[in-house]
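Structure, as structure tokens:
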Amino acid sequence: MQKDVLAEKFLDVFGSSPEVYSRAPGRVEILGNHTDYNEGYVLSMAVDRYTSLAMKHSSGNFRIYSDLVEEPLVEFPHSEIAIKTNSWVDYLKGVVIALKSKGLEVTPVDIFVTSDVPLSAGMSSSASFEMALVEAFCLLFSFELSMAEKAKVGQSCENDFIGANTGLMDQFTSLSGEEGSFVFSEYRNFEVKRIPFPAGCGFVVFNTAVKHDLSLDYNVRRQACENAVAEISKSSRGIKALRDIDQQLLASYKSLLGKDVFARALHVVGENERVSKALSFLSVGDIESFGQLLFDSHQSSIENFENSCPELDFLVKASIESRFCLGARLSGGGFGGISIHLVQDQQLKEFREEMSLIFEQEFGFRPKSYVCKSANGASSHKYLS
Ligand code: GLA
């Protein structure tokens with residue numbers, strides 16, 4: 001939402017003007033599935049959908065209002081910051097606590113928040129909320145944090161307060177997005193590079209509406225990856241994460257690891273390789289080969305990581321058969337959520353229509369879909385008083 005419109009809405013609710021404005025985008029993961037917490041590589045993209053908020057110091061309690069929920073105004077004293085409510089307000093609490101654990105004290109604020117990032121769909125509405133909060137707090141309280149530190153505040157909120165052991169990719173992408181670019185990120189040295197978005201192409205995103213609590217299977221998958229590293233590092237030197245393992249080394253441990261752990265690790269190792277290949281293909285404009293990597297990634301999700309579902313498989317299979325689609329896969333944690341589909345610009349409309357129709361014939365409803373453009377990352381501004 002535009003800065004000025006948000007200021008008016010804030011005034012209506014709280015009776016005074018806000019001091020700062022921030023916004024942070026959602027994201028789609030292009031390649032590099034479950035690689036971030038394995039110190040690996042990711043290609044992702046911030047999308048042109050944002051969580052935006054206006055904020056001001058409060059003299060009493062924390063007060064937060066969202067036009068997206070039924071009971072919009074939530075109020076609580078500072079003394080209740082660590083009390084979980086199992087609602088969206090927990091993200092505010094988790095972020096405040098994470099800042100506090102870095103020695104950065106946040107006093108009560110009033111917040112008006114809104115978003116056009118689809119909620120609980122796999123486009124990281126929660127990370128965009130966290131990053132919009134962090135940006136606003138940094139400006140309002142003059143905190144100086146690097147990009148990685150800001151991202152880690154969001155991760156700490158997820159890991160330590162919400163209970164989802166997620167990596168840093170969602171927050172990194174939300175902070176580092178740039179119009180016309182993919183975000184390439186790596187999670188050992190925390191480096192980020194922008195890669196030009198292929199000209200003449202776009203992504204259609206389908207929301208399967210299959211919801212999944214990421215804190216369940218996600219954490220189990222993460223544990224399997226850690227078990228693989230623990231086993232391999234017993235006898236191979238210098239192995240700290242799946243990032244350090246290639247397919248050949250992994251294959252030599254196949255019998256020792258057991259079927260499931262081997263398959264989970266194979267997915268991650270394959271994803272790291274696919275990200276590297278993607279960079280080469282993109283650098284020479286080979287979009288067909290790049291698109292094929294997306295199909296390959298999805299196949300590995302089906303066979304190895306087992307983080308797909310029938311709705312996602314249907315969309316990807318139909319994309320392989322469609323003459324319009326260059327590549328498709330599930331995006332993000334998996335087990336439901338969204339799929340992404342790479343299509344030439346002039347065919348986006350036709351493809352979207354074609355897929356919506358056949359999905360409806362199979363599952364009885366038209367899935368929500370979005371044409372997503374690469375977008376700029378999080379930002380914040382002061383309102384002039
Ligand atoms: C979720 C997590 C990310 C990442 C992806 C899978 O989006 O929040 O950290 O692990 O799943 O790649």
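The values are calculated or read from the model by the stated rules, or taken from the named source; none is laboratory data. All figures in this text were calculated on a predicted structure; none of them were measured in a lab. Cβ: placed from backbone, ideal geometry, glycine included. Neighbour counts: every protein chain shown.
Just a few scattered comments:
- Elements of type strands (runs of 3 or more DSSP E) contained in the range 323-380, each with 2 or more residues being within 16 Å of the ligand (Cβ to nearest atom): 325-331, 338-344
- Condition met for Pro108 (over 29 Å from Arg329 (Cβ atoms), modelled with pLDDT under 95 and touching a helix residue (DSSP H, G or I) at 6+ places or on another chain (Cβ under 9 Å)): no
- Contact map, the range 15-43: first residue assigned to a helix (DSSP H, G or I), second residue of a type in the set (Ser, Thr, Tyr) and within 12 Å of the ligand (Cβ to nearest atom), Cβ cut-off under 6 Å, separation 6 or more or different chains; pairs are Asp36/Tyr187.
- Residue list for the range 179-214, restricted to those being exposed (fewer than 15 other Cβ atoms within 10 Å of the Cβ), within 30 Å of Arg366 (Cα to Cα) and within 16 Å of the ligand (Cβ to nearest atom): Lys211, Asp213
- Filtered residues of the range 204-221 (kept if assigned to a helix (DSSP H, G or I) and under 27 Å from Cys372 (Cβ atoms)): Asp217, Tyr218, Arg221
- Against the conditions (1) within 27 Å of the chain's Cα centre (by Cα); (2) without any contact (Cβ under 8 Å) to a residue 60 or more places away in the chain, Glu271 satisfies every one except (2).
- Flag if Glu39 is of a type in the set (D, E, K, R), farther than 17 Å from Val113 by Cα and surrounded by fewer than 22 Cβ atoms within 10 Å (Cβ to Cβ): yes
- Just one of the listed residues (Leu119, Leu104) is aliphatic (A, V, I, L, M), surrounded by fewer than 24 Cβ atoms within 10 Å (Cβ to Cβ) and closer than 17 Å to Ala24 by Cα, and it is Leu119.
Per-residue answers, yes or no, for (1) touching a residue at least 40 places away in the same chain (Cβ under 8 Å); (2) surrounded by fewer than 24 Cβ atoms within 10 Å (Cβ to Cβ):
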| site | (1), (2) |
| --- | --- |
| Phe314 | yes, yes |
| Ser322 | no, yes |
| Cys325 | no, no |
| Gly332 | yes, no |
| His341 | yes, no |
| Asp345 | yes, yes |
| Leu348 | yes, yes |
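- Check on Ala98, within 16 Å of the ligand (Cβ to nearest atom), in a helix (DSSP H, G or I), surrounded by 18 or more Cβ atoms within 10 Å (Cβ to Cβ) and at pLDDT 95 or above: yes
- Residue within the range 302-311 that is closer than 24 Å to Ala230 by Cα, of a type outside the set (A, V, I, L, M, F, W, C), at pLDDT 95 or above and in a helix (DSSP H, G or I) present: yes
- When the range 146-196 is filtered for residues that are within 21 Å of Ser120 (Cβ to Cβ) and of a type in the set (D, E, K, R), the ones remaining, listed by number, are Glu158, Asp160, Asp170.
Results for (1) under 20 Å from Thr35 (Cα atoms); (2) within 14 Å of the chain's Cα centre (by Cα); (3) without any contact (Cβ under 8 Å) to a residue 60 or more places away in the chain; (4) assigned to a helix (DSSP H, G or I), shown as yes or no for each residue.
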site: Phe129; (1), (2), (3), (4): no, yes, no, yes
site: Ala136; (1), (2), (3), (4): no, no, no, yes
site: Glu144; (1), (2), (3), (4): no, no, yes, no
site: Gln155; (1), (2), (3), (4): yes, yes, yes, yes
site: Leu175; (1), (2), (3), (4): yes, yes, no, yes
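- For the range 149-178, a tally of residues being aliphatic (A, V, I, L, M) and more than 14 Å from the ligand (Cβ to nearest atom) returns 1.
- Applying the criterion of being within 12 Å of the chain's Cα centre (by Cα) and among the polar types (S, T, N, Q) to the residues of the range 21-48, the residue that is farthest from the ligand (Cβ to nearest atom) is Ser44.
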